[in-house]
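All of the numbers you see were taken from the coordinates with simple rules; none came from a lab. For clarity, every value in this text was computed on a predicted model and none was experimentally measured. All Cβ positions, even for glycine, are placed from backbone atoms using ideal geometry, and neighbour counts span all protein chains on display.
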Amino acid sequence: MSFIFRNFMLLSVCFSFACGTSQKTKEPEINDSNTPLHLLAPAYRMPYGVPSEESIKEALDRIWAYLDKETLTQIIDTLTNMEVSDYSKINQHTVLRQGAFRLESYEWGVAYAGMTLIGEVTGDQKYSDYTTRRLQFISEVTQHIKNLGDVKPGRGLQFRQVIAPHALDDCGSMCAAFIKASFQQGAPDYSTIIHNYMDWIMNGQMRLSDGTLARNRPHPNTLWLDDMFMSIPALAWMGKYTGDRKYCDEAVKQVKQFASRMFVPEKGLFMHGWVQGMTEHPAFFWGRANGWAIMALTEVLEVLPENHPGYQDVLSLFRQHIKGIATLQSGEGLWHQLLDRNDSYLETSASAIYVYCMARGIHRGWLDPLVYGPPAVLAWNAVSQQINETGQVANTCVGTGMGFDPAFYYYRPVNVFAAHGYGPVLLAGGEMITLLKQTFPKMNDSAVQFYPEKIDTDRPIFEIK
């Protein structure tokens with residue numbers, strides 16, 4: 001036998017042995033006969049299932065740690081570069097040490113509300129302290145600035161929005177934050193700031209002839225859907241704060257007058273802008289503006305007495321709007337920048353607001369948990385994936401004016417420094433923890449379901465009798 005032939009035979013044996021071994025260890029083919037294929041794990045692009053309270057809290061802790069470093073309460077003397085702890089020494093040379101975010105913006109009014117909520121829900125004092133420390137700082141510093149008279153503090157320490165607001169953006173969200181903080185045990189007296197903000201909302205902001213809060217931008221007599229949130233929650237909370245029903249009446253009046261012009265019943269959504277005198281009103285259903293609107297309705301229902309003559313009208317509008325929003329949720333869990341245009345990008349801040357409002361609606365008994373619990377859970381799972389390891393919130397649309405063409409909305413940038421994303425995500429997380437404490441979601445046949453009582457079974461599929 002030749003050398004070549006012997007080696008050929010040896011290789012053939014080795015190859016046969018290897019093939020035999022491979023065949024013996026090969027996994028059996030999965031098919032309809034041997035496997036319940038409907039239980040195979042789908043290739044979700046986000047976590048699917050019921051999140052744990054611990055996982056939500058871990059994500060919120062990352063945000064807290066990031067924001068605590070980036071929202072500073074330090075005043076610096078620019079001549080010495082030393083911190084000024086005695087605020088009576090504020091002068092033209094003192095400035096606020098800058099972090100990544102401002103302390104007194106409408107976006108941060110939402111963040112303060114979110115921090116307060118998480119502190120209440122979890123008992124973690126650092127969240128409540130975050131709000132208390134900064135609101136007290138703002139209150140004390142602005143009082144000292146006002147005492148300066150004609151002496152102007154250094155650029156960067158003006159707090160003009162607090163002392164002399166000039167728009168609803170300056171005052172509504174922050175006013176509501178200060179009012180909510182006033183109900184905390186041992187809270188300082190914020191009444192001067194609260195009444196100053198409210199004076200602008202009631203008497204300073206321009207209005208249409210019927211009293212609807214409006215702007216002269218980008219055209220005369222323009223309604224911005226955003227302004228529902230920039231005014232109405234503060235009005236409703238002022239009613240609770242003072243006990244004066246006129247503020248609740250004003251809040252309900254504004255809801256009805258905005259809705260009569262801007263709510264599109266067949267869509268269950270609000271258009272972003274309305275201009276008096278236009279023969280037609282282009283309806284662009286921008287995600288975050290609809291978020292501001294549904295949050296405004298949520299806040300009104302939170303404090304409006306149920307016997308108020310406008311309560312049922314607000315509740316009905318809330319339910320119509322939530323239904324319209326929920327119908328347009330994407331398969332990835334988030335909502336699109338333009339809600340009804342699936343080729344626009346998926347956006348975080350609006351999605352987080354919807355999580356908060358759905359979960360709060362279930363919590364308060366305004367919504368059916370069987371219907372709205374699963375989309376709220378799906379949306380939170382998707383939103384939580386937008387929180388990076390640093391604690392930054394990604395894919396948030398930056399500040400946005402009003403447009404009358406789709407490209408304006410489609411191409412708005414997203415940025416982790418867009419402050420609009422942080423408060424909504426904090427509120428969403430806090431309310432999701434409450435939802436998990438008070439309801440009984442569980443996976444059944446691979447889907448998230450909500451039940452009226454705890455289900456004690458480990459079976460992947462079960463019946464309820």
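Anything over 31 Å Cα to Cα? Flag those among LYS57/LYS256; LYS57/LYS253; LYS323/LYS442; LYS146/LYS253; LYS180/LYS437; LYS57/LYS180, in the order listed. Walk me through the numbers on the way to the answer.
Working: LYS57/LYS256 37 Å; LYS57/LYS253 38 Å; LYS323/LYS442 23 Å; LYS146/LYS253 34 Å; LYS180/LYS437 23 Å; LYS57/LYS180 22 Å.
Violating the 31 Å Cα-Cα cut-off are LYS57/LYS256; LYS57/LYS253; LYS146/LYS253.
Between segment 146-210 and segment 419-463, how far is it from one alpha carbon centroid to the other, in angstrom?
Spelled out, the Cα-based centre of one part sits 38 Å from the other.
With a point put 7 Å past each Cα toward its Cβ, work out how far GLN136 is from GLU302 in nm, to one decimal.
2.2
Rounded, prolate or oblate: which fits segment 139-196, taking a ≥ b ≥ c as square roots of the Cα gyration tensor eigenvalues, rounded meaning a/c under 1.5, else prolate when a/b beats b/c?
On the way: a/c = 2.55, a/b = 1.51, b/c = 1.70.
It comes out oblate by the Cα gyration axes.
For segment 271-357, just list the percent of Cα-Cα distances falling in each 10 Å bin from zero outward, please.
Values per bin, smallest distances first: 17, 42, 30, 11, 0.
Cross-link partners among lysines for LYS152, C-alpha distance below 18 Å, same-chain residues fewer than 8 apart left out?
Excluding near neighbours in sequence, the set is LYS89.
In the neighborhood of PRO460, defined by Cβ-to-Cβ distances under 14 Å, what is the net charge if each Lys or Arg adds +1 and each Asp or Glu adds -1? Intermediate values should be presented prior to the final figure.
Values: positive: LYS442, ARG459; negative: ASP445, ASP458, GLU463.
Charge balance near PRO460 sits at -1.
Which value, to two decimals, describes the C-alpha radius of gyration of segment 315-367 once divided by 2.2 N^0.38 Å? List each step's numbers first, then the result.
Values: Rg = 11.3 Å, N = 53, 2.2 N^0.38 = 9.9 Å.
Scaled against compact globular proteins, the figure is 1.14.
Identify which of the listed values of Cα extents along the principal axes in Å was calculated from the structure shown: (1) 86, 48, 45; (2) 112, 59, 48; (3) 90, 68, 48.
Computed from the coordinates, Cα extents along the principal axes in Å corresponds to (2).
Taking K and R as +1 and D and E as -1, what net charge do the other residues with C-beta under 14 Å from the C-beta of ARG207 add up to? Walk me through the numbers before you get to the answer.
Details: positive: ARG215, LYS253, ARG261; negative: ASP210, ASP227, GLU250.
In short, 0.
In segment 26-130, which trypsin sites (Lys or Arg not before Pro) fall in coil by DSSP and have 10 or fewer other Cβ atoms within 10 Å?
Values: sites: LYS26, ARG45, LYS57, ARG62, LYS69, LYS89, ARG97, ARG102, LYS126; in loops: LYS26, ARG45, ARG97, ARG102.
Answer by residue number: LYS26.
Using only alpha-carbon positions, what ratio does the radius of gyration of segment 414-465 give when scaled by 2.2 N^0.38 Å? Write down the numbers at each step before the final one.
Values: Rg = 16.3 Å, N = 52, 2.2 N^0.38 = 9.9 Å.
Normalised Rg, Cα atoms only: 1.65.
Using only the alpha-carbon atoms, how far is helix 422-438 inclined from the longest principal axis of the chain? Give it as 0 to 90 degrees, nearest 10.
Result, in degrees: 70.
May I ask for the Kirkwood hydrodynamic radius of segment 351-465, worked out over all distinct Cα pairs and given in angstroms to one decimal? Don't jump to the answer; show the numbers that get you there.
Numbers: mean 1/r = 0.0628 Å⁻¹.
Kirkwood hydrodynamic radius for segment 351-465: 15.9 Å.
Could you give me the percent of Cα pairs per 10 Å distance bin for segment 40-159, shortest bin first, beginning at zero and ending with the bin that holds the maximum distance?
Histogramming segment 40-159 at 10 Å steps yields 12, 35, 26, 15, 7, 4, 1, 0 percent.
In degrees from 0 to 90, rounded to the nearest 10, what is the angle of the helix 53-70 Cα long axis to the longest principal axis of the chain?
It is inclined by approximately 50 degrees.
Can you show me the helix-derived [θ] at 222 nm for the chain, built from DSSP H runs with n ≥ 4 at -39,500 (n - 2.57) apiece and divided by the number of residues, rounded to the nearest 500.
Numbers: 15 runs with 232 residues, N = 465.
After summing the helix terms and dividing by the residues of the chain, the value is -16500 deg cm²/dmol.
Once you keep just the Cα pairs under 8 angstrom separated by 6 or more residues, what percentage relative contact order results for the chain?
On the way: 733 pairs, mean separation 76.2, N = 465.
Relative contact order for the chain comes out at 16 percent.
Give me the net charge for the shell around ASN395: Cβ to Cβ below 14 angstrom, other residues only, Lys and Arg +1, Asp and Glu -1.
Working: positive: ARG45, ARG288, ARG412; negative: GLU332, GLU347.
Taking every other residue near ASN395 into account, the sum is +1.
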